Amino acid sequence: MRPRKLIFLPGAGGHPDFWRPMSDALRHIGEHVLMAWSGFGGIPAQADVTGMNDLVDMVLHQMNEPCALIAQSMGGVIAMKAALTRPEAVTHMVLSVTSGGLPMDDLGAEDWRPAYFAANPEAPRWFGHEREDLSGQISALDIPALLLWGDRDPISPVAVGQRLQALLKSSQLHVLEGGEHDLAKRHAADLVPLVTQHLLLATPKMPKRVPGEP
């Protein structure tokens, strides 16, 4: 089934403009919703947003018809939690440089928090303490997922994408040479053909690549 709605989830920058280059190139596919996160990236804070689950609720509210979740970094955790809550509503996922709810301490990931909060002193402090482990639940999802990674991203190294690929039943990993943490925005033009093919041609039961096979 093709998605009728594309829901774009930014990372900790919080601003919907992150996904605008990709959204503009995918105008021919469904209705578009570009999410913004309260309290992040200059978006006004809301008193009733006190944790990740409140942002998940915002996404669930938008999932009123078959949709694709297209997510960056922190947004990928929100996407994963939303998909686990309502898997029947999600036709596809596109996850870029995200933990996806996995523990990252053994995957070579750099601790992003000191630099992030130094650069974003107004960001919600609860964000630095969110550490829910979804690895035991992810394997239950059978939603076609395109995983986008860069080989120069210290915040979410390729090993994270590989771990997610091993857990998600219907997933494909694409590693962009020279890609960093902002690859989905900076290299949108290069990634649009992959995302388009995924959204239009992926079937509910994509074959899973066996490690070691070409």
Quiz item: Residues of region 125-159 being among the aliphatic types (A, V, I, L, M) and over 17 Å from Lys81 (Cα atoms), which ones?
Solution: Leu148, Ile155, Val158, Ala159
Exercise. Starting from region 190-202, take each residue that is more than 14 Å from Ser171 (Cβ to Cβ) and at pLDDT below 95 and list its partners that are hydroxyl-bearing (Ser, Thr, Tyr) and surrounded by 15 or more Cβ atoms within 10 Å (Cβ to Cβ), counting only C-beta distances under 7 angstrom and pairs at least six apart or across chains.
Key: none
Quiz item: Could you count how many residues in region 166-177 are crowded, with 18+ Cβ neighbours inside 10 Å and modelled with pLDDT under 95?
Solution: 1
Quiz item: If you scan region 109-119, which residues turn out to be farther than 22 Å from Ala45 by Cβ and surrounded by 13 or more Cβ atoms within 10 Å (Cβ to Cβ)?
Solution: Ala109, Glu110
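Here is a yes/no grid of residues against (1) surrounded by 17 or more Cβ atoms within 10 Å (Cβ to Cβ); (2) at pLDDT 95 or above; (3) in a helix (DSSP H, G or I):
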residue	(1), (2), (3)
Leu107	no, no, no
Pro121	no, no, no
Phe127	yes, no, yes
Arg131	no, no, no
Ala140	no, no, no
Leu148	yes, yes, no
Leu164	yes, yes, yes
Exercise. Kindly indicate whether Glu180 is of a type in the set (Asp, Glu) and either touching a helix residue (DSSP H, G or I) at 6+ places or on another chain (Cβ under 8 Å) or buried (at least 17 other Cβ atoms within 10 Å of the Cβ) (or both).
Key: yes
Exercise. Residue by residue through region 12-35, note down the ones that are among the small types (Gly, Ala, Ser) and modelled with pLDDT of 95 or more.
Key: Ser23, Ala25, Gly30
Quiz item: Leu164 passes all but one of (1) out of contact with any strand residue (DSSP E or B) (no Cβ under 9 Å at 6 or more places or on another chain); (2) more than 24 Å from Pro16 (Cα to Cα); which number fails?
Solution: (1)
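The values are calculated or read from the model by the stated rules, or taken from the named source; none is laboratory data. Model, not experiment: these values are computed from the prediction. In this analysis, Cβ positions are derived from the backbone assuming ideal geometry, glycine residues included, and neighbour counts consider all displayed protein chains.
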